[in-house]
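The values are calculated or read from the model by the stated rules, or taken from the named source; none is laboratory data. Keep in mind that what you see is a predicted model, and the values were worked out from it rather than measured. Here the Cβ is made from the backbone with ideal geometry for all residues, glycine too, and neighbour counts use every protein chain on show.
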Amino acid sequence: MQTGLKKGLVQIYTGNGKGKTTAAFGLALRASGTGLKVCIYQFAKGRTYGETRAFKRVKGVEVVQCGRSCFIGKKPGRADIECARKGLADSRSSIMSGRYDIFVLDEINIALKLHLIKLADVIDLIKYKPDSVELVLTGRYCPKGLYKYADLVTEMKEVKHPYRLGMSARKGIEF
């Protein structure tokens, strides 16, 4: 199946600042508005978020979660590793299927940092993705070794954040 893009690039959104997932999801929304097909795989996320609810109403965007729940601050278990590895294998099949123009691997860098998946497998995925598929990788702690495989790398830098003042995440803003 021919997609709507002649040349798909590899984008990375990383850094300690807010907005990596938001940027990728904004791209997905823009793409769906032009008729492109988008698939988002969320690693290390298994809860319902505002964006997952919203994308259920957006034509041309599919969201798949590859996690059980948020385990930030605690060590991931065997089941988390299995979810991430299955998610990577399933996402690879979907990327290669030709059904999508844009593919977002949300929080894949966190999955790498926590050793849920292997860097070599992600590099292999990047190297062999179809030329017409735009691939977006998000999450803090992106291994610098991935930068050479990307066409665009954006590092979000935290300058000031309300978390530092004790403010909790707000529904509709941070989740």
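Brief remarks on what is shown
- Any hit, region 62-73, residues being farther than 14 Å from residue 24 by Cβ, under 14 Å from the mean Cα position of the chain (by Cα) and in a helix (DSSP H, G or I): no
- Boolean, residue 126 is surrounded by fewer than 22 Cβ atoms within 10 Å (Cβ to Cβ) and at pLDDT 95 or above: yes
- For residue 48: the one exception among (1) modelled with pLDDT of 90 or more; (2) over 12 Å from the mean Cα position of the chain (by Cα): (1)
- Of all residues making up region 141-175, the number that are touching a strand residue (DSSP E or B) at 6+ places or on another chain (Cβ under 6 Å) and either closer than 24 Å to residue 48 by Cα or not in a loop (DSSP other than H, G, I, E, B) (or both): 5
- Checking each residue of region 141-148 against the condition of being touching a helix residue (DSSP H, G or I) at 6+ places or on another chain (Cβ under 6 Å), among the hydrophobic types (A, V, I, L, M, F, W, C), modelled with pLDDT of 95 or more and crowded, with 22+ Cβ neighbours inside 10 Å gives at least one match.
- Unique match (being small (Gly, Ala, Ser) and over 22 Å from residue 172 (Cα atoms)) among 35, 67, 46, 26: 35
Each row is one residue, and each column tells you yes or no for (1) over 14 Å from the mean Cα position of the chain (by Cα); (2) loosely packed, with under 14 Cβ neighbours inside 10 Å; (3) in contact (Cβ under 8 Å) with a residue 24 or more places away in the chain.
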residue: 7; (1), (2), (3): yes, yes, yes
residue: 10; (1), (2), (3): no, no, yes
residue: 16; (1), (2), (3): yes, yes, yes
residue: 21; (1), (2), (3): no, no, yes
residue: 24; (1), (2), (3): no, no, yes
residue: 28; (1), (2), (3): no, no, yes
residue: 32; (1), (2), (3): yes, no, yes
residue: 39; (1), (2), (3): no, no, yes
residue: 42; (1), (2), (3): no, no, yes
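- Taking the criterion of being surrounded by 15 or more Cβ atoms within 10 Å (Cβ to Cβ) and among the hydroxyl-bearing types (Ser, Thr, Tyr), the residues of region 46-62 that qualify are 49, 52.
- From the options 86, 113, residue that is loosely packed, with under 15 Cβ neighbours inside 10 Å and within 27 Å of residue 48 (Cβ to Cβ): 86
- Residue 79 falls short on exactly one of the conditions (1) within 15 Å of the chain's Cα centre (by Cα); (2) farther than 20 Å from residue 25 by Cβ, and that condition is (1).
- Within region 85-107, the only residue that satisfies the criterion of being touching a residue at least 60 places away in the same chain (Cβ under 8 Å) and farther than 16 Å from residue 38 by Cβ is 107.
- Options 117, 126: the member that is of a type in the set (Val, Ile, Thr), under 18 Å from residue 10 (Cβ atoms) and part of a helix (DSSP H, G or I): 126
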